[in-house]
Protein chains: 2
Amino acid sequence: MAEVSYSTFDVERLRTFTIDIFLKMGVPLHDAELAADVLIKADLRGIDSHGVARLSGYVRLWQKGRINPTPNIRIVHETPSTATIDGDAGLGLVVAPKAMQIAIEKAEKAGSGWISVKNSNHFGIAAYHAMMAVEKDMIGMSMTNASPLVAPTFSTERMLGTNPICYAFPTGKYAPVVMDMATSAAANGKLEIAQRKDVEVPHGWIQDKGGNDTTDANGLKKGGSLLPLGSDRDHGSHKGFCLGSVVDILSAVLSGASYGPWVPPFVAFLDPLDNQPGQGLGHFLGAMRVDGFRPVDEFKQHMDNWVHRFKTAETAPGYDSVIIPGEPETAAENERITAGIPLISLVVEDLRCLATKMEVTFPKSI
Amino acid sequence: MAEVSYSTFDVERLRTFTIDIFLKMGVPLHDAELAADVLIKADLRGIDSHGVARLSGYVRLWQKGRINPTPNIRIVHETPSTATIDGDAGLGLVVAPKAMQIAIEKAEKAGSGWISVKNSNHFGIAAYHAMMAVEKDMIGMSMTNASPLVAPTFSTERMLGTNPICYAFPTGKYAPVVMDMATSAAANGKLEIAQRKDVEVPHGWIQDKGGNDTTDANGLKKGGSLLPLGSDRDHGSHKGFCLGSVVDILSAVLSGASYGPWVPPFVAFLDPLDNQPGQGLGHFLGAMRVDGFRPVDEFKQHMDNWVHRFKTAETAPGYDSVIIPGEPETAAENERITAGIPLISLVVEDLRCLATKMEVTFPKSI
């Protein structure tokens, strides 16, 4: 196992650095702050694969001309509770929160708001957007399609992204209940961690080029693919494939974005396929007012009761308690907001290099 | 392996029999026809576990006074695009389609309609309700909580039902794309089939009372529990737990139905737990107008392209093609609508017995 070393960074200094990078890309200040907030939130919540570790990736896409720093984000179709938004090739980190804001405004008037987004890019962690609704006593939902890495059941071809789904629910005394999950057996970030540590991955995460199960963490680089949640047919991989497909259709077929194997890759060194059936990546975002269904106080009281009951369910030997969705992320955020954000040396080196290239000051570690 | 024998029944005769049984329960004709349509649709689509095989179960719940044959189904809370419905302890087979009808009417006016239902009972196959929207060029969604059988990750306690999720999408020349999936690794129906055939089940479907993996198809009867989709922590069982929880919260915490371990059991010989936090089972149903997002023709054309592209994805050795969600069910329906519905001898005996008890004529097999 390869050794991995960390340095820790002050949250606000890392935020300032991230804003500075976006500003250098020509992103207006308010949008740069928003995009940085999405990335920093990922690092705070312990989703290290989706935080500042991705900053260089966004810059490379911008250099390739695939990200428009000053998009004209606009509604192209709407009803009182639905809309389609054209992201104008902007940062998904900016397009998605703006779309979610429109979902929330529609929900305020019509009870719920549902926004399908085309012509966007990678939107960071799904939870950021869904959680915007929670602050307004709404239930939030967010999903996005992504670079094709996952093969459908019985297939060897990368047809879907890890297409995450997130639901976020307001609560009373407990932290919000937040489900944020890739629809593949393992998120790509987990593979990257195994690659860095140079360890094998469990059976059922990936298959090789020929469709055979493999534990090689580098299997994807050798032409393999991620497996849908469920891993194989006997264990419901067709359900993971279904979930990934729902995300793809709501995010892209519904909005006019590209779908399936045509989704533009996040890595800038791979060009999008020819004959794109739509524009850019797609997202699907939703907000529902809790009081569109029952009084908010009642709902929160029952959410607390739900959390308490699940938290105190009988456990298998060796486990203290059931983990409530979102609980580890809340714990990470509570710790990191004061202790700072730990970054692995590979990411630190990459960001230092980016800072030099973009003529921005990189902060010292704590 | 125990032998299983089948008899085949004419669809319309089986339908008439089913209607007759509901009429004997005191269900009004139109509701009896609706409930029978939901059950017969399950048998037509090859979801044998959710068709007339369950008829005796509904009758037993009625005999226990847990199903109200003449419910006053009503909206108790609403906004233009949302509502909560009190099912008044009616058959879920009647309550859910009526709630879906309200979702569709809201969608016609507001773009989308979202209905949380309390005080209901088992609603049959989720696909029936979601597919009602497809006929109106809408995207349909349906989910329900259910008798607690599934243990959360790290737990040995049955806290959630198999809580299915269904999405149904309109298409052009292809059959509608319909995902209808339990959020457990295996649906309870699959366990029942293994029990009848007296064969072991795959690892990762169930755990015993102590939380150990078991292949005993009767493991549930011995105090074990179903595992969430993903089966174990390494393979994402926490995601299956998340999905089942989303269903539980949207169906019940949002509507005022009972949730988690309090969900009233489908089997009439088990009484609901004391101190219920809500009323009956809960469902969550939704409809979104496709033309709330983009023109219907464009969407259908791209859905066809989506289906075609996935259908022709490269396959692993030994497989002809990727299975599109809903494809096996459509094939079953096309066959059974003319060939009739095959029922296993155990179900036939049970229905014959029910017919005698309820003084209704049971049809001869074809």
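Counting only DSSP beta bridges with both residues in the protein assembly as shown, tell me the antiparallel percent, nearest 5. Don't skip to the end; give the middle numbers.
Details: 76 of 88 bridges.
Beta bridges within the protein assembly as shown, antiparallel portion: roughly 85 percent.
How much net charge surrounds A:LEU39 when only other residues with a Cβ under 9 Å from its Cβ are counted (Lys, Arg +1; Asp, Glu -1)? Could the numbers behind the result be given before it?
Values: positive: A:ARG15, A:LYS41, A:ARG54; negative: A:ASP37, A:ASP43.
Once all neighbours under 9 Å are counted, the net charge is +1.
Find out how many positive minus negative residues lie around B:SER237, taking Lys and Arg as positive, Asp and Glu as negative, among other residues whose Cβ is under 13 Å from that of B:SER237. Mind dumping the intermediate values first?
Details: positive: A:LYS239, B:ARG233, B:LYS239; negative: B:ASP213, B:ASP232, B:ASP234.
Within the 13 Å Cβ shell, the charges total 0.
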For A:LYS118, counting only lysines whose alpha-carbon sits under 21 Å away and dropping same-chain residues fewer than eight positions off, the answer is A:LYS64, A:LYS98, A:LYS106, B:LYS300
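Using a probe of 1.4 angstrom, how much of the accessible area of the range B:218-289 is carbon and sulfur, in percent? Can you show the working numbers first?
Numbers: 1170 of 2100 Å².
Roughly 56 percent of what the probe reaches on the range B:218-289 is carbon or sulfur.
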For B:THR156, solvent-accessible area (1.4 Å; no DNA, RNA or ligand), Å²: 20 Å²
Considering chain B as a Gaussian network with a 10 Å cut-off on Cα pairs, which listed residue, B:PHE310, B:PHE284, B:PHE241, attains the greatest mean-square fluctuation? B:PHE310
Could you give the size of the charge dipole of the protein assembly as shown about its Cα centre, using +1 on the Cβ of each K and R and -1 on the Cβ of each D and E, expressed in debye and rounded to the nearest 20? 520 debye
Please give the charge dipole size of the range B:1-114, origin at the Cα centre, charges +1 on K and R Cβ atoms and -1 on D and E Cβ atoms. Round to the nearest 20 debye. 280 debye
Given charges at beta-carbon only (K, R positive; D, E negative), |dipole| of the range A:99-197 in Debye: 200 debye
Buried accessible area between A and B, both sides, 1.4 Å probe, in Å² rounded to 100, is 7400 Å²
For the range B:290-351, give the percent of accessible area contributed by carbon and sulfur heavy atoms, probe 1.4 Å, rounded to a whole number. 50 percent
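Too long at a 27 Å Cα-Cα cut-off: which of A:LYS109/B:LYS173; A:LYS136/A:LYS173; A:LYS41/A:LYS357; B:LYS41/B:LYS311; A:LYS311/B:LYS190?
Details: A:LYS109/B:LYS173 37 Å; A:LYS136/A:LYS173 16 Å; A:LYS41/A:LYS357 25 Å; B:LYS41/B:LYS311 25 Å; A:LYS311/B:LYS190 29 Å.
Listed pairs above 27 Å: A:LYS109/B:LYS173; A:LYS311/B:LYS190.
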GluC sites (Glu not before Pro) restricted to the range B:1-56 and DSSP loop, no more than 13 other C-beta within 10 Å: B:GLU3
Using alpha-carbon positions, what is the distance between the centroids of the range B:312-366 and the range B:114-166, in Å? 21 Å
Excluding residues on the same chain fewer than 8 positions from A:LYS197, give the aspartates and glutamates whose Cα lies under 14 Å from its Cα. A:GLU3, A:ASP216
Compare the Cα positions of B:VAL267, B:PRO328, B:ILE102 along the charge dipole of the protein assembly as shown (+1 at Cβ of Lys, Arg; -1 at Cβ of Asp, Glu; about the Cα centre) and return the one farthest towards the positive end. B:ILE102
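By the gyration tensor of its Cα atoms, with a ≥ b ≥ c the square roots of the eigenvalues, what is the shape of the range B:123-259: rounded for a/c under 1.5, prolate for a/b over b/c, or oblate? Display every interim value, and only then the final one.
Working: a/c = 2.23, a/b = 1.64, b/c = 1.36.
The shape class here is prolate.
May I ask for the net charge around A:PRO80, where only other residues with Cβ less than 15 Å from the Cβ of A:PRO80 are counted and Lys, Arg are +1 while Asp, Glu are -1?
Working: positive: A:LYS106, A:LYS109, A:ARG289, B:LYS106, B:LYS109, B:ARG289; negative: A:GLU78, A:GLU105, A:GLU108, B:GLU78, B:GLU105, B:GLU108, B:ASP291.
With Lys, Arg at +1 and Asp, Glu at -1, the net is -1.
If you take every DSSP beta bridge fully contained in the range A:69-123, what fraction is antiparallel? Give it as a percent rounded to 5. Could the numbers behind the result be given before it?
Details: 4 of 9 bridges.
In the range A:69-123, approximately 45 percent of DSSP beta bridges are antiparallel ones.
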Please compute the contact order of chain B in relative form: average sequence separation of alpha-carbon pairs under 8 Å and at least six residues apart, divided by the residue count, as a percent. 23 percent
With point charges of +1 on the Cβ of Lys and Arg and -1 on the Cβ of Asp and Glu, referenced to the Cα centre of the protein assembly as shown, which listed residue (A:PRO69, B:VAL38, A:PRO317) lies farthest in the positive direction of the dipole? A:PRO69
For chain B, set up a Gaussian network in which alpha carbons nearer than 10 Å are linked by springs, and say which option among B:SER251, B:SER116, B:SER56 fluctuates the most. B:SER56
Minimum Cβ-to-axis distance in chain B for the rotation onto chain A, with residue, whole Å: B:SER81, 2
For chain B, built as a Gaussian network whose Cα springs stay under 10 Å, the top-fluctuating residue of B:ILE323, B:ILE115, B:ILE341: B:ILE323
Identify all aspartates and glutamates with a Cα-Cα distance to B:LYS209 below 16 Å; exclude those on the same chain that are fewer than 8 residues away in sequence. A:GLU314, B:GLU157, B:ASP232
Listed residues A:THR214, A:PRO277, A:MET179: farthest to the positive end of the dipole of chain A (Cβ charges): A:PRO277
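The values are calculated or read from the model by the stated rules, or taken from the named source; none is laboratory data. In this text, all values refer to a predicted model and were calculated from it rather than measured experimentally. Every residue, glycine among them, receives a Cβ derived from its backbone with ideal geometry; neighbour counts consider all protein chains shown. The area values use the complete protein model at the heavy-atom level, side chains included, leaving out ligands, DNA and RNA. Shrake-Rupley method; radii C 1.70, N 1.55, O 1.52, S 1.80 Å.
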